[in-house]
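Some notes on the structure that comes next.
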Amino acid sequence: MDYSQYRINSVRELDSYLKGETREWFLDRLNKVYGLLMNMKPLDLLSIEKNVSPENREIFVKLACQFIAEGNSDYEFTPDWQAVRRLKEKPEESIRRSNKIREEKRANKLAKKGKRLV
C-alpha cells in the first residue's frame, strides 16, 4: 500500500485531533509514535505494515511526518512509503563534517606551500 496519501503538508492538519473526544486518543498515539521513532538506532528501518496496526497507519504516517518536520532530519520515509528509516546522521551534520574536512585539507595544502590562510 502507498502510505504517502496520509502525509501532511502542515502540522495544522493535526489540529482537529486535539479537539473533543479525540484529544486523549491523539496524545496517546503521539507518545507511542514518537517513542517508537526516538528508540530507532541509526540505520534502523521501521516497517509500517509489520509494526503498526492497520487502524493506526494513517495517524502513524501523519505523526511521523510531524516528527520529521520538527527537526528530526535524520529520519525519512522510504521512497515507496512502506517504512521509516533513520539515517546514519542528520544531513546537515554530514555537510558540516564534509566542509570541515575540505577546509582542513585546504589549510594543509597551503601550509605545505608555506602560505597562510589569513
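Each reported figure results from applying straightforward, stated rules to the coordinates on display, with no laboratory input. Values in this document were obtained by computation on a predicted structure and should not be read as measured data. Cβ placement follows ideal geometry from the backbone for every residue including glycine, while neighbour counts extend to all protein chains displayed.
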>> Bins of 10 Å, beginning at zero and ending with the bin holding the largest distance: percent of Cα pairs per bin for segment 20-73, please.
In response: 22, 58, 18, 2
>> I want to make sure I understand the PRE zone here: with the label point 7 angstrom from the Cα of D80 toward its beta carbon, which residues in segment 1-39 have backbone N atoms less than 18 Å away?
In response: 1-6
> Over 26 Å between Cα atoms, which of K88/K112; K41/K62; K19/K41 qualify?
Replying inline: K88/K112; K19/K41
> Between segment 46-71 and segment 1-29, how many Å separate their Cα centres?
Replying inline: 10
> Amide H neighbours of A83 under 5 Å, counting only residues 5+ apart in sequence or on other chains, H built in-plane at 1.01 Å?
Replying inline: I48, T78
>> Between L18 and E89, what is 0.36 nm times their sequence separation minus the Cα-Cα distance? Round to one decimal in nm.
In response: 22.3 nm
